[in-house]
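Asker: Take this structure, written in structure tokens, and hold onto it; I'll ask about it next.
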Amino acid sequence: MSADRFEVSSESETMMAVVTTGNGGYERLVYRAVPVPTPSRGEVLIQVLAAGVNNTEINTRLGWYASSVTDATDGTAVEAREDGGWNSATPFPFIQGTDCCGRVVQVGPNTSLDMLGARVLVRSCMRPSGYEDPENIWLGSDFDGAFAQYLKVPATEVFPVDSTWSDAELATIPCAYGTAENMLHRAKVPDGAHVLVTGASGGVGSATVQLAKRRGCRVTAISSPSKAEHLQALGVDAILDRNSDLLETLGADSVDVVVDNVAGPGFPTLLKILRRGGSYVSSGAIAGPIVQLDMRDMYLKDITLFGSTGWDEPVFRSLISYIERGEIRPLLAKTFPLDRIADAQAEFMEKRHFGNFVLIPPQAE
């Protein structure tokens, strides 16, 4: 396959993209023509085939990550905040989009042509200073992402994938499954462990269920009754309503690992149901970031608390291998054209779906 076939002809070419212009509501999502990015040394240009929708794009637009925000993620915009993004200030205006399935169409100077023409997934979480350094930057949060026809990224963050899945199905994977796999990897979840997953019907929660079951774990899922059938199809061993009394139902010291992206008022009970020496791991707090912690529940039971944002080195390569070996499956709820991003995010916030929403950019001829 020749390089010429995929060459984007000039720096002056434009593409359609959704530009997020600042903190606020859907009016901040502007669909317009912008220049096609030009890959530099060590970078590749990717034609975006499909881009997933996640909580993080909505929360970043709303400014929810600011330390002054203490409420649950409910879709309400706050005033502009200097620390409203994942890594303090958000680089408005910019192109969001954390999940990308695409095709490599151009490489930068002195960059290998090996991936030219390949269908790829982009690693959403990047560790620019190496994996010994906790610094991390995110596609579509710290720099321009996938809500566009093209994007450029370092060649080291692009992974060819050999799969019969559709583009939209592949686009459901990077952020949700990468976050879930990182939590399980970080907490060193052993085969056969009893894992409790809160918010199990969400994107990260349902990914965690699949990845824990892949490890042979016994999984108890917390979700609304309306999502029970979907979770049963993923092989969960027990489903509890989100309003259940977990201490009464499961008992103290009954769970090996809690994977919790909900937090909020239910947090104290989660430590009580953990066994001695158990682990609690989190990468989110959709029910509210401020929680009550009884230190005695933590130190008297030798509980380990794990925060999980920056992905560890094996995580994304492992996900690619799971896809190629058919060990996980995509949960695609619905697709939308890129210019209907506001409709997609509004429906996303209703939380009636199971699986992931994906945006499809207009494809170049």
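The values are calculated or read from the model by the stated rules, or taken from the named source; none is laboratory data. What you see is a predicted model; the values in this text were computed from it and never measured. Here the Cβ positions follow ideal geometry from the backbone for every residue, glycine too, while neighbour counts run over all protein chains shown.
Asker: Within segment 139-158, track down each residue that is more than 18 Å from L359 (Cβ to Cβ) and not polar (S, T, N, Q).
Answerer: Our first condition is that a residue be more than 18 Å from L359 (Cβ to Cβ); within segment 139-158, this holds for 142-143, 152, 154-158.
Across segment 139-158, the qualifying residues are D142, F143, K152, P154, A155, E157, V158.
Here's the yes/no breakdown for (1) more than 21 Å from S206 (Cβ to Cβ); (2) of a type outside the set (D, E, K, R):
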| position | (1), (2) |
| --- | --- |
| Q96 | yes, yes |
| C100 | no, yes |
| F143 | yes, yes |
| E157 | yes, no |
| T179 | no, yes |
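Asker: Oh, and also: May I ask you to list the residues in segment 255-274 that are under 25 Å from T179 (Cβ atoms) and not hydrophobic (A, V, I, L, M, F, W, C)?
Answerer: Selection gives D256, D260, N261, G264, P265, G266, P268, T269.
Asker: Identify, by number, the condition in (1) crowded, with 17+ Cβ neighbours inside 10 Å; (2) more than 23 Å from the chain's Cα centre (by Cα); (3) in a helix (DSSP H, G or I) that T249 doesn't meet.
Answerer: (1)
Asker: Take the conditions in contact with a Ser or Thr (Cβ under 8 Å, 6 or more places away or on another chain) and touching a residue at least 24 places away in the same chain (Cβ under 8 Å) and apply them to P330. Does it pass?
Answerer: It is true that P330 is in contact with a Ser or Thr (Cβ under 8 Å, 6 or more places away or on another chain) and touching a residue at least 24 places away in the same chain (Cβ under 8 Å).
Asker: If I filter segment 155-166 for residues that are touching a residue at least 12 places away in the same chain (Cβ under 8 Å) and more than 22 Å from G52 (Cβ to Cβ), do I get at least one hit?
Answerer: The answer is no, given that none of the residues of segment 155-166 is touching a residue at least 12 places away in the same chain (Cβ under 8 Å) and more than 22 Å from G52 (Cβ to Cβ).
Asker: With respect to T98, is the statement that it is buried (at least 22 other Cβ atoms within 10 Å of the Cβ), outside any strand (DSSP E or B) and modelled with pLDDT of 95 or more true?
Answerer: So T98 fits the description; yes.
Asker: Can you go through S201, S141 and tell me which one is among the polar types (S, T, N, Q) and outside the structural domain of G277 (by TED's automatic domain parsing)? So that I can check it myself, show each step before the final result.
Answerer: Numbers: S201 fails: outside the structural domain of G277 (by TED's automatic domain parsing).
Only one candidate qualifies: S141.
Asker: Okay, next question. May I ask you to list the residues in segment 12-27 that are without any contact (Cβ under 8 Å) to a residue 60 or more places away in the chain and in contact with a strand residue (DSSP E or B) (Cβ under 9 Å, 6 or more places away or on another chain)?
Answerer: Passing the criteria: S12, E13, T14.
Asker: Next up: Yes or no: N243 in a loop (DSSP other than H, G, I, E, B) and within 25 Å of P174 (Cβ to Cβ)?
Answerer: Numbers: in a loop (DSSP other than H, G, I, E, B): yes; within 25 Å of P174 (Cβ to Cβ): no.
No.
Asker: Filter segment 101-128 down to residues that are within 21 Å of the chain's Cα centre (by Cα) and more than 23 Å from P361 (Cα to Cα) and give me whichever is surrounded by the most Cβ atoms within 10 Å (Cβ to Cβ).
Answerer: M126
Asker: Would you be able to tell me the number of residues in segment 31-63 that are loosely packed, with under 14 Cβ neighbours inside 10 Å and assigned to a strand (DSSP E or B)?
Answerer: Going through segment 31-63 one residue at a time, the tally reaches 3.
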